[in-house]
Amino acid sequence: MYFHLLSLGRIPYAEGLEVQRRVVAARKAGQIADTLLLLEHPPVLTLGRNSRRENILASDELLQVKGVELHEVNRGGDVTYHGPGQLVGYPIVDLRGDLPGKKGPHLGPVDFVRLLEEVLIRTCGEFRVLAQRIKGRTGVWTLANGAMEEKKIAALGVHVSQGVTSHGFALNVSTDLRDFAWIVPCGITDRTVTSLELESDVSPAPTLNDALNATARNFGKVFERQMLWTDSVDQLLAQAEEAVL
């Protein structure tokens, strides 16, 4: 059993949605195996199914001046921010497959999110950043330290259609955290956000590529799959078409 693994670099959010659409369609048709897309976006705000417009604090005029796009999407969760220095992962997974912890005909979406959180907790650990789950608050958080409260280091939100997932997670690596001032991240007002760069004491500081490789490695461990690199989406889907023929 294996995952296709694609690193797409920095691409516009709309392009990321289109890539997901194509890969999800191929996965639903059984033409490809489960696939993990790892990438980065230019500055963009996305509103999930549970979002409230008032959680966007910046004016439309400011967002336009900053060149920040706004997208309403079908993932779970509230408003979130994507931008340079943030590792975004879109796992396209058939929850009816052979997955850790599956007890019935399919793995539940909440159990799937718990697996994604485990991947990111282990990834943070590789850079000596202790991370955790917090009950009732989806995502990955640093540990409280004395007077310092826990901070959110990764956000998660998924969508499931016909048993196949899309959207996924965003891990702050070297993100400019000032950009989060444009929103109330995930609708949470009593905690702040942080990044691997700020929390890690390793030298040199972890880069986006470091985090990408660690995430891919831990994804394979948690999901108990081999990770197979693929050069491009076109190559992946061409292989799928050849398999059908």
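The values are calculated or read from the model by the stated rules, or taken from the named source; none is laboratory data. Since we're looking at a predicted model, the values are computed, not measured. Heads up, the Cβs are rebuilt from the backbone with ideal geometry, glycines too, and the neighbour counts pull from every protein chain shown. Protein only, heavy atoms only, side chains kept; ligands, DNA and RNA dropped before computing areas. Shrake-Rupley method; radii C 1.70, N 1.55, O 1.52, S 1.80 Å.
Scanning the range 170-188 for residues being touching a residue at least 24 places away in the same chain (Cβ under 8 Å) and either in a loop (DSSP other than H, G, I, E, B) or surrounded by fewer than 23 Cβ atoms within 10 Å (Cβ to Cβ) (or both) gives a total of 13.
Against the criterion of being more than 30 Å from ASP190 (Cβ to Cβ) and surrounded by fewer than 21 Cβ atoms within 10 Å (Cβ to Cβ), LYS28 qualifies.
As for the range 200-209, it holds at least one residue that is hydrophobic (A, V, I, L, M, F, W, C), closer than 28 Å to LEU47 by Cα and at pLDDT 95 or above. Scoring SER51 on the criteria (1) buried (at least 21 other Cβ atoms within 10 Å of the Cβ); (2) in contact with a helix residue (DSSP H, G or I) (Cβ under 7 Å, 6 or more places away or on another chain) leaves a single failure, condition (2).
Okay, residues lined up against (1) in contact with a strand residue (DSSP E or B) (Cβ under 6 Å, 6 or more places away or on another chain); (2) over 30 Å from ASP98 (Cβ atoms); (3) assigned to a helix (DSSP H, G or I):
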site	(1), (2), (3)
GLU150	yes, yes, no
GLY157	yes, no, no
ASP190	no, yes, no
LEU198	no, yes, yes
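Just one residue in the set GLU118, GLU126, GLU149, GLU197 is within 30 Å of ALA29 (Cα to Cα), touching a residue at least 12 places away in the same chain (Cβ under 8 Å) and open to solvent by 40 Å² or more (accessible area, probe 1.4 Å); that residue is GLU118.
For the range 206-226, a residue qualifies if it is crowded, with 16+ Cβ neighbours inside 10 Å and not in a helix (DSSP H, G or I), and the qualifying residues are PRO206, ARG225. Just one of the listed residues (THR138, THR207, THR215, THR123) is over 27 Å from ASP78 (Cβ atoms) and either among the acidic types (Asp, Glu) or under 18 Å from the mean Cα position of the chain (by Cα) (or both), namely THR207. When the range 59-105 is filtered for residues that are over 21 Å from the mean Cα position of the chain (by Cα) and either outside any loop (DSSP other than H, G, I, E, B) or surrounded by 15 or more Cβ atoms within 10 Å (Cβ to Cβ) (or both), the ones remaining, listed by number, are ASP60, GLU61, LEU62, LEU63, GLN64, VAL65, LYS66, LYS102. Taken together, LEU171, LEU236 contain a single residue that is modelled with pLDDT of 95 or more and touching a strand residue (DSSP E or B) at 6+ places or on another chain (Cβ under 8 Å), which is LEU171.
In the range 129-140, the residue that is surrounded by the most Cβ atoms within 10 Å (Cβ to Cβ) out of those that are in contact (Cβ under 8 Å) with a residue 40 or more places away in the chain and not hydroxyl-bearing (Ser, Thr, Tyr) is GLY139. Is it fair to say ARG122 is out of contact with any helix residue (DSSP H, G or I) (no Cβ under 9 Å at 6 or more places or on another chain) and among the basic types (Lys, Arg)? It is false that ARG122 is out of contact with any helix residue (DSSP H, G or I) (no Cβ under 9 Å at 6 or more places or on another chain) and among the basic types (Lys, Arg).
Look at VAL19 and say whether it is farther than 20 Å from LEU177 by Cα, in contact with a helix residue (DSSP H, G or I) (Cβ under 6 Å, 6 or more places away or on another chain), part of a helix (DSSP H, G or I) and open to solvent by 10 Å² or more (accessible area, probe 1.4 Å). When the stated conditions are applied, VAL19 passes them.
The set of residues in the range 43-64 being free of Cβ contacts under 8 Å to residues at least 60 places away in the same chain and in contact with a Ser or Thr (Cβ under 9 Å, 6 or more places away or on another chain) consists of THR46, LEU47.
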